[in-house]
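Q: Mind having a look at this structure? Questions to follow.
The values are calculated or read from the model by the stated rules, or taken from the named source; none is laboratory data. Please read these numbers as outputs of a predicted model, since none were measured by experiment. Neighbour counts are summed over all protein chains in view; Cβ atoms, including those assigned to glycine, are modelled from backbone coordinates with ideal geometry.
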Amino acid sequence: MQIYGFFLKTQYLCDNMTIEELLAYDREHVWHPYTSMTDPLRVYPVARAAGVYIELADGRRLIDGMSSWWSAVHGYNHPALNAAAHAQIDRMAHVMFGGLTHHPAVELAQRLVGLTGLPHVFYSDSGSVAVEVAVKMALQYMQATGHTRRTKLATVAGGYHGDTWHAMSVCDPVGGMHALYAGRLPVQFFAPRPGVPFGGEWTEADFEPMRALVAAHGDEIAAVIIEPVVQGAGGMWFYHPEYLRRLRTLCDEHGILLIADEIATGFWRTGRAFACEWAYITPDIMCVGKALSGGYLSFAATLTSERVADGISSAAPHVFMHGPTFMGNPLACAVACASLELLAAPELPARIAQIESMLRQLLAPAADFAGVADVRVFGAIGVIEMREPVDVGRFQERCVEAGVWIRPFGRLVYIMPPYIITDDELRTLCTAMVQLVGET
Ligand SMILES: *Cc1c(COP(=O)(O)O)cnc(C)c1O
């Protein structure tokens, strides 16, 4: 730390920078997600965003296909969410949650409990932390109820649960960061990825490896964690809900807790409020995030059943040992309440169904391209899986030229647009996506 940093003159601050200078400073000093600091991929400066459009500093407007990583489901700059944020910030942006509470946190709890049927809510700052909290809850539950041998987690391959330590340990063993941190990450149990696709014909054989895993190691396992029906960042894969139903039963038979990570799938992305609803199951612990705060603020929650909450509270220290500084942030809670109010619109499920049928129709032509391995759609999620990894930098340049915003990863080019996208905008987005994939 330079002690003369205090004397930083305003001419160095970015208000006075040209866009080129700003980008140069960004490139030199600011880390972006999953990028090198010495050779980062190009980034695009954004001036503002409204509705389904992201406006770049040079005035170009892009139709957003990403909802800022599943979060901005109402689009940007939404009047109702803005109003909720303004009203709350004039009361208080934040107060500590230790020993204090407030209307936004209680109202949000009412809404989440009503939606999920899970009666206890733990707020945190991000999805990854919500997963850490879920894991800590499962482990503390087992400790408190005398199951001290149950210290491990089980999951399926192809998952993604976040970038913090325990979350990382249950991400896909090959595609995740296990190799990078080999010997340091906790070792967990992995069954193969569920193989039968959503809408495919269920075969009992698909569940056998998980059944065998639990038969062999059930008494060491505290919880199974899984993304219900849709595996997101681990491969954009949609699997048969019967798998989840079998898993619920198996966990019950073996005294294992089931953690559903609904951070990507929650809040109607799949056409139902939560993806667990496709299997008619309730998990013991559920993580929500991303769309929870409508893409406005980093915010997440972990919900639990009565049994888990009671178990944790039943033995010394009789408390759950977690409490982030910004827990229950009033601003985030207020925006989340406004977001859930919008999501309660009776016409929403029909709108998602309409987006789904348009995605099916508009992305189908890509299946004919030699470079395309698979095209799949579920709810408001459209995926084109390529045979070879996509050159992200080059692909994004062409997206921006075409007036759309899509960020592929690996062999996957996918979109999950804001729910407020119009039919025309969706047509433009999908047409550009198919065309760009065709040129790849
Ligand atoms: C994004 C994601 C997370 C992590 O959430 P962050 O807010 O990025 O920490 C965890 N689980 C799933 C399923 C996700 O999609």
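Q: Considering Ala182, Ala191, which residue is closer than 18 Å to Tyr239 by Cα and either at pLDDT 95 or above or surrounded by fewer than 19 Cβ atoms within 10 Å (Cβ to Cβ) (or both)? Show your work before the answer.
A: Working: Ala182 fails: closer than 18 Å to Tyr239 by Cα.
When all the criteria are applied, what remains is Ala191.
Q: Does any residue in the stretch 109-132 that is under 23 Å from Ala344 (Cα atoms) and at pLDDT below 95 come within less than 7 Å, Cβ to Cβ, of a residue that is within 16 Å of the ligand (Cβ to nearest atom) and aliphatic (A, V, I, L, M) six or more places away or on a different chain, and which pairs are these?
A: Close Cβ pairs (under 7 Å, with a partner that is within 16 Å of the ligand (Cβ to nearest atom) and aliphatic (A, V, I, L, M)) do not exist here.
Q: Here's another thing I want to ask about it. Based on this model, can you work out whether Val404 counts as in contact with a strand residue (DSSP E or B) (Cβ under 9 Å, 6 or more places away or on another chain) and more than 16 Å from Ile54 (Cα to Cα)?
A: Numbers: in contact with a strand residue (DSSP E or B) (Cβ under 9 Å, 6 or more places away or on another chain): yes; more than 16 Å from Ile54 (Cα to Cα): no.
So Val404 fails the test.
Q: Return the only residue of Val73, Val170 being of a type in the set (A, V, I, L, M, F, W, C), within 15 Å of the ligand (Cβ to nearest atom) and under 30 Å from Glu425 (Cα atoms).
A: On the way: Val170 fails: under 30 Å from Glu425 (Cα atoms).
Just one listed residue meets the conditions, Val73.
Q: Against the definition (surrounded by 20 or more Cβ atoms within 10 Å (Cβ to Cβ), of a type outside the set (S, T, N, Q) and part of a loop (DSSP other than H, G, I, E, B)), how does Val133 come out, yes or no?
A: Against the criterion (surrounded by 20 or more Cβ atoms within 10 Å (Cβ to Cβ), of a type outside the set (S, T, N, Q) and part of a loop (DSSP other than H, G, I, E, B)), Val133 does not qualify.
Q: So which pairs qualify, if the first residue must be in the stretch 149-173 and over 20 Å from His254 (Cβ atoms), the second must be of a type in the set (A, V, I, L, M) and away from the ligand (no atom under 14 Å from the Cβ), the Cβ gap must be under 7 Å, and the two must be at least 6 apart or on different chains?
A: Met168/Leu185; Ser169/Leu185; Asp172/Ala157; Pro173/Ala157
Q: While we're looking at this one, here's another question. Name the residue that is surrounded by the fewest Cβ atoms within 10 Å (Cβ to Cβ), counting only residues in the stretch 407-420 that are out of contact with any helix residue (DSSP H, G or I) (no Cβ under 7 Å at 6 or more places or on another chain) and part of a loop (DSSP other than H, G, I, E, B).
A: Gly410
Q: Can you find, within the stretch 267-315, the residue that is surrounded by the fewest Cβ atoms within 10 Å (Cβ to Cβ) among those that are among the small types (Gly, Ala, Ser) and either within 11 Å of the ligand (Cβ to nearest atom) or under 15 Å from Ser67 (Cβ atoms) (or both)? Quick ask: steps written out before the conclusion?
A: If we filter the stretch 267-315 for residues that are among the small types (Gly, Ala, Ser), which is where we start, we get 271, 273, 275, 279, 289, 291, 293-295, 298, 300-301, 305, 309, 311, 313-315.
Now drop any that are not either within 11 Å of the ligand (Cβ to nearest atom) or under 15 Å from Ser67 (Cβ atoms) (or both), which leaves 275, 289, 291, 293-295, 298, 300.
Numbers: Ala275: 27, Gly289: 28, Ala291: 30, Ser293: 28, Gly294: 30, Gly295: 23, Ser298: 17, Ala300: 25.
Out of the qualifying residues, it is Ser298.
Q: Kindly indicate which of Val319, Val335, Val383, Val377 is free of Cβ contacts under 8 Å to residues at least 24 places away in the same chain and within 20 Å of the chain's Cα centre (by Cα). Let's see the steps before the verdict.
A: Working: Val319 fails: within 20 Å of the chain's Cα centre (by Cα); Val335 fails: free of Cβ contacts under 8 Å to residues at least 24 places away in the same chain; Val383 fails: free of Cβ contacts under 8 Å to residues at least 24 places away in the same chain.
Going through Val319, Val335, Val383, Val377 in turn, the sole match is Val377.
Q: For the stretch 392-406, what are the residues that are in contact (Cβ under 8 Å) with a residue 24 or more places away in the chain and either farther than 19 Å from Gly232 by Cβ or in a helix (DSSP H, G or I) (or both)?
A: Keep residues of the stretch 392-406 that are in contact (Cβ under 8 Å) with a residue 24 or more places away in the chain, which gives 392-393, 395-400, 402-406.
Within the stretch 392-406, Val392, Gly393, Phe395, Gln396, Glu397, Arg398, Cys399, Val400, Ala402, Gly403, Val404 meet the criteria.
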